[in-house]
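Colleague: Sending over a structure as structure tokens; questions will come in a sec.
The values are calculated or read from the model by the stated rules, or taken from the named source; none is laboratory data. Model, not experiment: these values are computed from the prediction. Every residue, glycine among them, receives a Cβ derived from its backbone with ideal geometry; neighbour counts consider all protein chains shown.
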Amino acid sequence: MFTADLIVMYHGVVPDDEPLDDWLQVPASRFRDQLAFFTRWFTPVCVETFFTTPRKAWQKPRLLVTFDDGYANNLTVAAPILQEYRVPALFFLATGYLETPWFWWDRLRAGLATVGKKPSAALVAEIKALAPSAVEAKVTAILEACGAHAALPPTPALRPLTWAEAQQLARLPGVAIGNHGHCHEIFAHLDEAALAHTLTLSQRLLTERLGVAPQWIAPPNGDWRRDQINRFAELGFQAIFTTQPGWVTWQRSAPSPRVLPRVGIGATDRPLNLAKRLVKTRLHQAVPRGEGS
Ligand SMILES: [Zn+2]
């Protein structure tokens with residue numbers, strides 16, 4: 001298993017005294033345990049090193065940490081802990097949500113919780129299939145229909161970053177920024193024009209406001225189509241980070257842009273079960289399909 005490297009996918013890290021019933025939001029102390037595990041068994045590297053410097057045979061497997069979406073907690077909670085453990089990270093931002101109070105899925109979940117309900121997987125899938133412009137209105141309609149209301153996120157760390165915070169994050173040592181679409185659109189549902197729109201808009205905003213054109217893209221939800229790969233290449237993306245679980249094996253003739261698997265890490269991942277899950281992932285690893293899950 002040590003002939004491969006690993007990319008992990010986080011979403012958020014929340015303060016211990018503001019826990020959330022959400023696998024994607026890892027309590028800070030659990031995140032520390034996870035980083036202690038990773039720094040013991042892996043060599044954490046930044047994204048540039050990951051691609052440009054091959055691993056020596058005697059080295060531990062390398063680890064690239066990524067975060068999706070652009071939660072404020074990436075800056076306020078996760079970044080100081082990453083710095084403490086000297087772990088670089090790549091943050092994929094959905095530009096259209098910056099400066100807004102909520103990501104739609106958190107507003108839906110928190111709103112329904114006020115009337116004792118949880119969103120079903122079917123409902124979430126239904127909303128993901130909508131045109132991007134219809135998503136927020138649909139969430140509002142669902143909440144109004146059951147008398148639910150969502151004020152502000154249950155922890156301030158759950159809101160999206162502001163642009164000023166994104167700039168602060170981008171300036172930290174070891175931090176790189178990637179593209180996660182504009183409105184977190186599901187790329188697999190977009191026609192060519194809509195895909196071009198979200199990619200060029202998000203890329204322009206990131207470049208203008210953070211000063212660097214991202215070379216890395218994570219299609220939201222890991223859902224994209226193989227016929228879209230040329231568009232990613234045209235915009236200069238060097239790698240597509242999927243949600244297909246797996247380790248990164250380095251082949252000589254990798255296609256460009258590269259299509260990379262990632263292992264999602266969440267709130268329940270204690271070091272021991274994390275180790276077991278990583279070994280299992282490696283043993284059962286299929287050839288990456290690339291379309292995500
Ligand atoms: Zn996302």
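Colleague: Quick one: SER29 ticks every box in (1) farther than 22 Å from PRO119 by Cβ; (2) touching an Asp or Glu at 6+ places or on another chain (Cβ under 6 Å); (3) crowded, with 17+ Cβ neighbours inside 10 Å bar one, so which box is it?
Modeller: (3)
Colleague: Working only within region 1-26, note down all residues that are within 15 Å of the ligand (Cβ to nearest atom) and surrounded by fewer than 22 Cβ atoms within 10 Å (Cβ to Cβ).
Modeller: Those that are within 15 Å of the ligand (Cβ to nearest atom) and surrounded by fewer than 22 Cβ atoms within 10 Å (Cβ to Cβ): VAL8, ASP22, TRP23, LEU24.
Colleague: Going by what's in this entry, would GLU48 be described as out of contact with any Lys or Arg (no Cβ under 7 Å at 6 or more places or on another chain), on the phi < 0 side of the Ramachandran plot, surrounded by fewer than 21 Cβ atoms within 10 Å (Cβ to Cβ) and charged (D, E, K, R)?
Modeller: yes
Colleague: Restricting to region 225-243, and then to whatever is more than 16 Å from PRO214 (Cβ to Cβ) and out of contact with any Ser or Thr (no Cβ under 6 Å at 6 or more places or on another chain), can you tell me which residue is surrounded by the most Cβ atoms within 10 Å (Cβ to Cβ)?
Modeller: THR242
Colleague: OK, next. LEU158 - would you say it is within 16 Å of the ligand (Cβ to nearest atom), surrounded by 14 or more Cβ atoms within 10 Å (Cβ to Cβ) and over 19 Å from the mean Cα position of the chain (by Cα)?
Modeller: no
Colleague: Further, regarding this structure: Taking LYS118 as meeting all but one of (1) within 16 Å of the ligand (Cβ to nearest atom); (2) in contact with a helix residue (DSSP H, G or I) (Cβ under 9 Å, 6 or more places away or on another chain), write down the number of the exception.
Modeller: (1)
Colleague: Considering each residue of region 77-88, count those that are outside any loop (DSSP other than H, G, I, E, B) and either within 16 Å of the ligand (Cβ to nearest atom) or within 15 Å of the chain's Cα centre (by Cα) (or both), and give that number.
Modeller: Count: 2.
Colleague: Right, another one. Inside region 185-224, can you point out the residues that are surrounded by fewer than 15 Cβ atoms within 10 Å (Cβ to Cβ) and assigned to a loop (DSSP other than H, G, I, E, B)?
Modeller: Result: ASP191, GLY211, VAL212.
Colleague: Provide a single number: the residues in region 231-248 that are of a type outside the set (A, V, I, L, M) and assigned to a strand (DSSP E or B).
Modeller: Count: 1.
Colleague: For region 51-73: of the residues being surrounded by fewer than 21 Cβ atoms within 10 Å (Cβ to Cβ) and assigned to a helix (DSSP H, G or I), which is farthest from the ligand (Cβ to nearest atom)?
Modeller: Step by step, filter region 51-73, then rank; the result is THR52.
Residues are listed down the side, and each one gets a yes or a no for (1) in a helix (DSSP H, G or I); (2) farther than 30 Å from THR200 by Cβ:
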position	(1), (2)
THR3	no, yes
MET9	no, no
VAL26	no, yes
LEU35	yes, yes
THR49	yes, no
LEU75	yes, no
LEU90	no, no
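Colleague: Another question, if that's okay. Where the second residue is modelled with pLDDT of 95 or more and β-branched (Val, Ile, Thr) and the first is over 20 Å from THR155 (Cα atoms) and lies in region 85-108, which pairs have Cβ atoms under 6 Å and are six or more apart or on separate chains?
Modeller: These pairs meet every condition: TYR85/THR39; VAL87/VAL65; ALA89/VAL65; LEU90/VAL47; LEU90/THR66; PHE91/ILE177.
Colleague: Still on this structure: For the list (1) more than 23 Å from LEU260 (Cα to Cα); (2) without any contact (Cβ under 8 Å) to a residue 12 or more places away in the chain, I need the number of the one condition that LYS56 fails.
Modeller: With (1) more than 23 Å from LEU260 (Cα to Cα); (2) without any contact (Cβ under 8 Å) to a residue 12 or more places away in the chain applied to LYS56, the lone miss is (1).
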